[in-house]
Number of protein chains: 2
Amino acid sequence: MGFLDETLSLNYNPVMTGLHLQRMSDLPFTFDVLQTERILLSKYDNHIVRRLSAMTGQFLDQKAYDSLLVAADPILYEIYEVKRPEIAGELMQGLSIVHPGKVGDEYYMTKGHFHSVLDTAEIYYCLRGKGFMVMGTPEGDWAVEPLHPHSVLYVPPRWAHRSVNSSLSEDLVTFFVYPSNAGHDYGSIEKQGFRKLVLEQGGIQTIIDNPSWLSPEER
Amino acid sequence: MGFLDETLSLNYNPVMTGLHLQRMSDLPFTFDVLQTERILLSKYDNHIVRRLSAMTGQFLDQKAYDSLLVAADPILYEIYEVKRPEIAGELMQGLSIVHPGKVGDEYYMTKGHFHSVLDTAEIYYCLRGKGFMVMGTPEGDWAVEPLHPHSVLYVPPRWAHRSVNSSLSEDLVTFFVYPSNAGHDYGSIEKQGFRKLVLEQGGIQTIIDNPSWLSPEER
């Protein structure tokens, strides 16, 4: 029999009574999404930092890209991953943080990707900031959905997805969950591009056709 | 080319340009987790309401159960589900709300279940309140993990799980995600019981052995 008080309960380690569990990864676990000035995970296994230099050819305004790169190589976004075995039935989760900023008229954004196992979905729970998810299927369908605190986005199977931060002062922070066996295919979308771009021109948010997008026939 | 302002962006309906999408369920969608006095989803497909009468034999104190049932048949918890096709690769999501209260010394709780496809995980993001997730494997391993706002719980594949509200004044509200093909097996855990119960006796939270629990040998 055990006693839990307010303090203990936060760090309570369950006593496992069976001898059937062979891996630590078989145990349930909790962690906190820390609501500090900057949202952080109290536990994660991997921290990905993407700088401007990793996004060659992804932004519309090549001249603005080049000047920004010469001046600095700013961090566009960061991902904190909580890893699980990469098998069906397990779930991957983590935090995505897109920083505020623009390259020319175009907002900071993530590379975007298809899942390698194309028939897998993803859920985004927006925790802070505002922005858009730009999405597209291999066949050329497109969608742009807004993100704001406590909006939840369902990305169905087969849709490539890219987060765009449409605030110029605040991070766009989302908590994501996807099937652990999904994997990431960055190459296809890097080659064909997303069909739409989100810009801010003279204070107005605009969705435009991406002139570099390759239709299915052109790939 | 389209224009989005602050207001429009919240109700922005993407124009689908392809003819490849045959079902509405192929489209991305967003909804809001409304942060009103009571947390609600702006969109859901199914609302499950579980009253005390649905929990026969689950609470320790049968006399307290019977008196409460005679006096009223209180709602113990509610689930709002956002449905998806029940196939691997899709994700199910929703809101779980366990109301505050006790049956004798035992907190209000959910029935709890295994997934029918046992090798499937679940993630809980706690939005409000406090409580515990009581868990167990078919082999008799057990775990109890605390829940509080912005704590995230990973329930690995194979673990039955039950939410317990340890506040006597506030709802325990969690947002959950699990693989769409998981299904629910309520029968097994109803028969064997969870190994541990969470009680409050004289203001002290206590985890005790469930005298009705059937070990794997006794089933």
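What are the distances, in nm and sorted shortest first, from the label point of B:ASP61 to the label points of the same position in each other copy, with each label point placed 7 Å from Cα along the Cα-to-Cβ direction?
6.8
Ratio of chain A's C-alpha Rg to 2.2 N^0.38 Å, to two decimals?
After normalising by residue count via 2.2 N^0.38 Å, the value is 1.15.
Build a GNM of chain A with springs between Cα atoms under 10 Å: which of A:ARG51, A:ARG162, A:ARG38 gets the top mean-square fluctuation?
A:ARG38
Which of the listed residues, A:GLN58, A:ILE207, A:PHE31, is farthest toward the dipole's positive end in chain A, when Lys, Arg count +1 and Asp, Glu count -1 at the beta-carbon?
Working it through, the farthest residue towards the positive pole turns out to be A:GLN58.
Once you've got the GNM for chain A with C-alpha springs shorter than 10 Å, pick whichever of A:ASN46, A:ASN165, A:ASN181 has the biggest mean-square fluctuation.
Result for chain A, Cα springs under 10 Å: A:ASN46 fluctuates most.
With +1 on each Lys and Arg Cβ and -1 on each Asp and Glu Cβ, and nothing else charged, work out how big the dipole of the range B:98-219 is about its Cα centre, in Debye to the nearest 20. Write out the running numbers ahead of the final one.
Numbers: 10 positive and 15 negative charges, 41 e Å.
Roughly 200 debye for the range B:98-219.
Show the residues, 5+ positions off or on another chain, whose built amide H is closer than 5 Å to the amide H of B:LYS196.
Excluding prolines and chain starts, which carry no amide H, the hits are B:ASN210.
Given B:LYS43/B:LYS111; A:LYS83/B:LYS102; B:LYS102/B:LYS196; A:LYS130/B:LYS111; A:LYS43/A:LYS63; A:LYS83/A:LYS111, which pairs have Cα atoms separated by over 28 Å?
Details: B:LYS43/B:LYS111 24 Å; A:LYS83/B:LYS102 37 Å; B:LYS102/B:LYS196 16 Å; A:LYS130/B:LYS111 37 Å; A:LYS43/A:LYS63 39 Å; A:LYS83/A:LYS111 20 Å.
Going by Cα-Cα distance, A:LYS83/B:LYS102; A:LYS130/B:LYS111; A:LYS43/A:LYS63 fall outside the 28 Å limit.
Residue by residue through the range A:117-123, which ³J(HN,Hα) values in whole Hz follow from phi under the Karplus form 6.51 cos²θ - 1.76 cosθ + 1.60 (θ = phi - 60°), with glycine and proline marked x?
These are the phi-based 3J(HN,Hα) values: 8, 4, 7, 10, 8, 8, 10 Hz.
For the range A:189-219 and the range B:123-142, compute the distance between their C-alpha centroids and round to whole Å.
44
Can you list the distances in nanometres, one decimal and ascending, from the B:SER116 label point to the identical position in each other copy, with the point 7 Å along Cα to Cβ?
Those separations, rounded to one decimal, come out as 3.1 nm.
What is the set of long-range amide H partners of B:LYS130 at a cut-off below 5 Å, with H atoms built 1.01 Å from backbone N?
B:SER166, B:SER167
Please state the relative contact order of the range B:56-116 as a whole percent: Cα pairs under 8 Å, 6+ residues apart?
Numbers: 59 pairs, mean separation 21.9, N = 61.
Here the relative contact order equals 36 percent.
In a Gaussian network model over chain A where Cα atoms closer than 10 Å are linked, find which of A:GLY203, A:GLY94, A:GLY129 has the largest mean-square fluctuation.
For chain A, modelled as a Gaussian network with Cα springs under 10 Å, the answer is A:GLY203.
Could you check the spin-label model distance between B:GLU37 and B:LEU69? Points 7 Å from the Cα along Cα→Cβ, value in nm.
Rounded to a tenth, the inter-label distance reads 3.2 nm.
Quick one: in chain B, whose Cβ comes closest to the B/A rotation axis, and how close in angstrom?
B:VAL177, 2
If R0 is 56 Å, what FRET efficiency do you get for B:ASP119 and A:THR56 from their C-beta distance, rounded to 0.05? Could the numbers behind the result be given before it?
On the way: r = 41 Å, r/R0 = 0.73.
The calculated FRET efficiency here is 0.85.
Taking only C-alpha pairs under 8 Å that are 6+ residues apart, what is the relative contact order of chain A in percent?
Details: 452 pairs, mean separation 42.0, N = 219.
Result for chain A is 19 percent.
Once you sort the root eigenvalues of the Cα gyration tensor of the range B:117-209 as a ≥ b ≥ c, which label holds: rounded (a/c under 1.5), prolate (a/b larger than b/c) or oblate (the other case)? Before the final figure, lay out each step's value.
On the way: a/c = 2.23, a/b = 1.24, b/c = 1.79.
The shape class here is oblate.
If you bin the C-alpha pair distances of the protein assembly as shown every 20 Å from 0, what whole percents do you get?
25, 52, 21, 2
Considering every residue in B:149-160, what mean count of other chain Cβ atoms within 10 Å of its Cβ is obtained?
Working: counts 3, 9, 6, 13, 4, 11, 3, 12, 8, 4, 3, 0.
Taking the mean over all residues of the peptide, I get 6.
Placing a label point 7 Å from Cα toward Cβ, how far apart in nm is A:GLU37 from its equivalents in the other copies, listed shortest first to one decimal?
Here the equivalent label points are 3.6 nm apart from this one.
Taking 0.36 nm per intervening residue step and subtracting the Cα-Cα distance, what contour gain separates B:ASP45 from B:LYS111 on full extension?
21.7 nm
Once the piece of chain linking A:TYR186 and A:GLU200 is laid out straight, how much longer is it, given 0.36 nm per residue of separation minus the C-alpha distance between them?
Details: separation 14, 0.36 × 14 = 5.04 nm, distance 2.54 nm.
Taking A:TYR186 through A:GLU200 to full extension adds about 2.5 nm, to one decimal.
If each residue's Cβ is checked for other Cβ atoms within 10 Å, how do B:HIS47, B:HIS99, B:HIS161 rank with the fewest at the top?
Ranked by crowding around the Cβ, least crowded first: B:HIS47, B:HIS99, B:HIS161.
What size of dipole, in debye to the nearest 20, comes out for the range B:49-122 about its Cα centre when the only charges are +1 on Lys and Arg C-beta atoms and -1 on Asp and Glu C-beta atoms?
Details: 7 positive and 11 negative charges, 35 e Å.
I would put it at about 180 debye.
Bear in mind that the values in this text are calculations on the coordinates, not laboratory data. In this text the structure is predicted, and so the values were computed from the model without any measurement. Ideal geometry is used to build each Cβ from the backbone, glycine not excepted, and the neighbour counts take in all protein chains shown.
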